[in-house]
1. Restricting to region B:646-692, what's the tally of residues that are of a type in the set (A, V, I, L, M, F, W, C) and within 30 Å of B:I516 (Cβ to Cβ)?
2. Residue by residue through region A:16-67, note down the ones that are more than 28 Å from B:I719 (Cα to Cα), within 14 Å of chain B (Cβ to nearest Cβ) and assigned to a loop (DSSP other than H, G, I, E, B).
3. Can you tell me which condition B:M213 does not meet? The list is (1) in contact (Cβ under 8 Å) with a residue 60 or more places away in the chain; (2) of a type outside the set (K, R); (3) farther than 15 Å from B:T267 by Cβ, and all the others hold.
4. Scan region B:401-412 for residues that are of a type in the set (A, V, I, L, M) and out of contact with any strand residue (DSSP E or B) (no Cβ under 6 Å at 6 or more places or on another chain) and jot them down.
5. Where residues in region B:695-710 are facing chain A (nearest Cβ under 7 Å) and within 34 Å of the chain's Cα centre (by Cα), which of them is nearest to B:Q683 (Cα to Cα)?
6. Any idea which residue in region B:649-686 is farthest from the other protein chains (Cβ to nearest Cβ), counting only those that are closer than 12 Å to B:I719 by Cβ and at pLDDT 85 or above?
7. For the condition touching a residue at least 24 places away in the same chain (Cβ under 8 Å) and surrounded by fewer than 20 Cβ atoms within 10 Å (Cβ to Cβ), what is the one hit in B:P450, B:P475, B:P466?
8. List every residue pair whose Cβ atoms lie under 6 Å apart, where the two residues are 6 or more positions apart in sequence or sit on different chains, the first residue falls within region B:599-610 and is in the same structural domain as B:R649 (by TED's automatic domain parsing), and the second residue, located anywhere, is among the charged types (D, E, K, R).
Amino acid sequence: MTHAREHDAAANNELIAFRLGSQEFCLDIMSVRDIRGWTPTTPLPHACEYVKGVINLRGAVLPVVDLAARLGFAPVEPSARHVIIITQVGNQTIGLLVDAVSDILTVSSGSIQATPDVASELARAFMKGVIAMEGRMLSLIALDSVLTQNQAGQGLPN
Amino acid sequence: MDTMAAIKQTFFQECEEQLAELEEGLLAIEREEGDLETINAVFRAVHSIKGGAGAFGLDDLVRFAHTFETTLDGMRSGKLEITPQIVKLMLRSADILSDLVRISRDGGEMDAGRVAQMTDELARTGGAGPVAPAAAAPQPPAFEPLAAGEAEPQVDEFGFAPVQISFDTLIADDEAAGIRQAVHIRFTPKPELYAKANDALRLLRELGRLGEMEVSCDASAVPLLGELDPEGAYLTWDITLTGDLDEKAVREVFEFVEFDCDLSIDTAVAGPVMDESDAAQTVQAILAQVAAEEAAGQERHAAPQAEAPAPVRAAPPAAQAASAAPQQAANSQAPQPGATIRVDLDRVDRLIDLVGELVINQSMLAQRVMEAGIARLSDVAVGLDDLEHLTREIQDSVMAIRAQPVRPIFQRMSRVVREVADMTGKSVRLVTEGENCEVDKTVIERLADPLTHMIRNAIDHGLEKPEDRLAAGKPEQGVVRMVAAHRSGRVVIEVSDDGAGINRSRVRQIAVDRGIVAEDAQLSDAEIDDLIFAPGFSTAAAISDVSGRGVGMDVVRRSIQALGGRITITSRPGLGTTFTLSLPLTLAVLDGMVVNVAGQTLVVPLSAIVETLQPKAQDVHGLGEKARVIGIRGAFIPLIDVGCVLGYRDEEADPLASVAMMVETENQSQCALLVDGIVGQQQVVIKSLETNYGHVFGVAGATILGDGRVAVILDVDAIVAGSRAEAARMDANRKRSAA
């Protein structure tokens with residue numbers, strides 16, 4: 001059994017699936033540190049629209065990104081039902097505000113397809129690929145570009 | 001290889017300590033406060049560096065340390081008279097030694113000429129030279145006829161002197177040949193000694209080999225059998241060794257147990273032979289003691305005790321009593337060997353972070369419990385109160401780990417003083433006070449540059465030339481004082497000189513020339529003094545080698561402010577100038593004013609706030625299209641709405657319903673920040689926003705409040721600058737639309 005799992009892990013990816021509006025997305029589970037319910041954030045001055053503010057996670061101050069707004073959807077009005085997925089991106093820990101976490105999936109690398117060539121710049125910038133799963137389509141998020149240093153530093157009044 | 005690197009690192013850390021001790025000792029000698037023990041300490045410091053450097057093959061270091069040490073040895077043995085010139089030379093040698101250590105550690109090129117020159121100078125002192133090192137090492141123990149009657153047994157020239165031990169030898173003035181030395185040892189093992197598989201008996205046997213020994217055991221501390229801890233240690237031995245002794249050898253016996261016992265070693269001249277019956281009595285007493293200990297379950301054997309040489313010689317009680325006094329004096333002089341450990345700073349920081357979280361968590365918990373409607377006097381609430389006390393105490397203790405005395409930085413300054421005094425040809429004495437004042441390590445590290453600059457300024461600009469001083473009726477030697485003290489939760493460092501004070505008319509003229517103030521500005525004396533902190537102000541007419549390194553006092557002020565501190569200046573013509581630095585004890589915690597702005601809770605660093613006030617309708621005036629000012633005591637100060645600058649709201653708040661906080665910015669201008677209300681004053685733990693996000697305009701950092709929410713800490717300077725930039729942009733827009 002253990003052997004089988006190890007073998008699978010080599011070829012497979014464990015992903016965490018979540019919903020934003022009517023679309024489904026997923027993330028590599030290895031980058032997820034924690035999943036918690038929505039807590040009010042402290043807004044940052046002159047932050048981009050998709051940066052909801054900062055929260056306290058066990059003594060660390062980390063930003064919460066409204067993933068829907070980041071992907072170009074309508075910004076989320078967070079409620080107690082919303083979920084923050086705490087992820088590790090490089091050296092930074094950030095929270096992603098999503099509607100709900102739906103599933104944990106194991107997919108083989110081979111089943112991840114290239115992002116279809118659509119017009120939207122945003123879609124291409126933030127998707128690593130798409131996965132077909134039981135008739136649904138999940139987009140694999142490329143975390144690196146969600147909160148780049150450049151965007152984080154965008155704070156000067158202009 | 002890694003182990004070697006680690007050992008080497010430890011060596012360099014120890015070098016730092018030795019260098020500090022060296023400098024401290026030399027300075028004490030310079031102040032004529034040093035005694036023989038000070039010289040010994042200095043010698044040992046250099047000697048240890050030499051020894052360690054030899055082990056790592058740092059030849060340059062070894063060579064110089066050797067020459068230095070040889071000269072010091074001359075000083076120690078009294079062959080080299082201690083004159084101010086010699087002490088100065090020693091101090092300069094110490095500087096070179098410290099440079100050599102640094103270069104050995106960090107790499108780089110040492111100015112070989114400087115080293116060679118210093119080596120020459122040291123050799124020329126006549127005390128000893130590198131050419132004839134043997135001359136400095138007389139073989140028989142040298143007895144220095146000193147007033148204190150103390151001397152150290154000669155350490156072999158190339159041998160390792162025991163570093164941390166002070167020897168006190170009582171030498172009779174009539175240094176008769178063949179006199180026997182007696183060493184009195186009082187030895188009280190602690191339980192740890194036995195726990196580490198050492199045995200008092202073995203040590204006594206070792207001692208017995210060194211000479212004739214008389215041992216008596218003090219068993220007064222042995223409790224009744226019922227209260228006796230089988231693993232405890234209750235016995236004290238008084239040992240008198242007589243013979244041709246080497247204290248080093250005596251020390252070596254105790255080398256591995258010195259931290260696990262109370263030990264005092266005292267030397268005296270041997271007296272007449274002790275009565276044999278006394279000796280027999282003593283041995284009997286010992287045997288009885290040993291038997292008692294065995295009864296107590298200690299694994300010890302009485303038999304070898306009998307091997308102790310008998311008949312036993314000892315000094316008479318009178319000699320013992322006489323020697324007790326100097327021994328005590330020596331003990332009080334010797335630095336307390338407080339047990340210390342080296343800890344990686346990261347670990348301490350992690351601990352501080354965790355304790356910070358604990359404090360927050362604790363207060364959150366307390367809040368929840370209160371919200372749950374639990375009575376204040378219930379067990380839960382009382383328990384929580386205790387927890388709060390505990391967590392606060394833990395926090396204080398953890399913060400104290402990072403605290404370090406300012407001594408090392410003060411010592412570094414004495415070098416700066418020497419160098420600058422040499423360069424400017426002025427005679428300067430540095431007086432320091434309060435070196436034991438403790439401040440956060442980071443604060444200390446970041447104080448070095450500003451302090452160096454202030455000291456340079458004090459000597460270069462503050463102190464007059466020797467001839468001017470004499471003409472003014474002052475002593476030729478100028479005095480620069482550095483005083484550190486704790487004052488209401490902050491550390492205050494004063495740097496003052498007894499020079500001519502600030503030449504206000506000249507300062508004013510320069511400020512006018514450089515366009516810093518208007519020609520007709522009315523300035524008070526204090527305001528003129530403050531001008532030297534203005535950016536772009538430098539009083540040196542010609543850029544001198546010393547102060548003119550492109551760094552002005554404005555940089556000093558900025559770096560002090562970056563530490564959350566303030567710097568002020570007071571000057572009295574003809575009497576001198578004093579700079580006062582007021583610094584927070586730690587950088588991890590900030591004294592903040594918690595305020596409300598547009599529904600958000602913000603923290604304003606208390607150090608920036610001058611005063612707070614409630615604006616009155618008659619004081620607020622519009623100026624131009626949007627700007628507003630507030631009149632305070634006749635001056636008009638710009639009003640800045642924090643909420644607007646931070647983008648929390650678009651419409652400026654009604655000043656009459658707000659609170660104005662007067663703040664002072666880095667360039668000394670005052671502004672009034674408008675906030676909706678003040679919540680209170682609080683110490684907050686600073687958290688970085690940069691770690692997980694990035695720099696945010698107008699924000700210096702974040703903190704977590706008692707309710708677990710994050711609050712942003714304002715960067716006052718940025719907000720003031722930001723509001724100006726905005727005004728300038730609006731002006732530009734207007735011009736554009738007009739054109």
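1. Summing the residues that are of a type in the set (A, V, I, L, M, F, W, C) and within 30 Å of B:I516 (Cβ to Cβ) in region B:646-692 gives 8.
2. The answer is A:W38, A:T39, A:R58.
3. (3)
4. Within region B:401-412, B:I401, B:I409 meet the criteria.
5. Looking at residues that are facing chain A (nearest Cβ under 7 Å) and within 34 Å of the chain's Cα centre (by Cα), I get B:I704.
6. Within region B:649-686, the match that is farthest from the other protein chains (Cβ to nearest Cβ) is B:A672.
7. B:P466
8. Once the first residue is in the same structural domain as B:R649 (by TED's automatic domain parsing) and sits in region B:599-610, its partners that are among the charged types (D, E, K, R) give B:L606/B:D591; B:V610/B:E664.
The values are calculated or read from the model by the stated rules, or taken from the named source; none is laboratory data. Computed from a prediction, not measured in an experiment: that's the story for all the values here. Ideal geometry is used to build each Cβ from the backbone, glycine not excepted, and the neighbour counts take in all protein chains shown.
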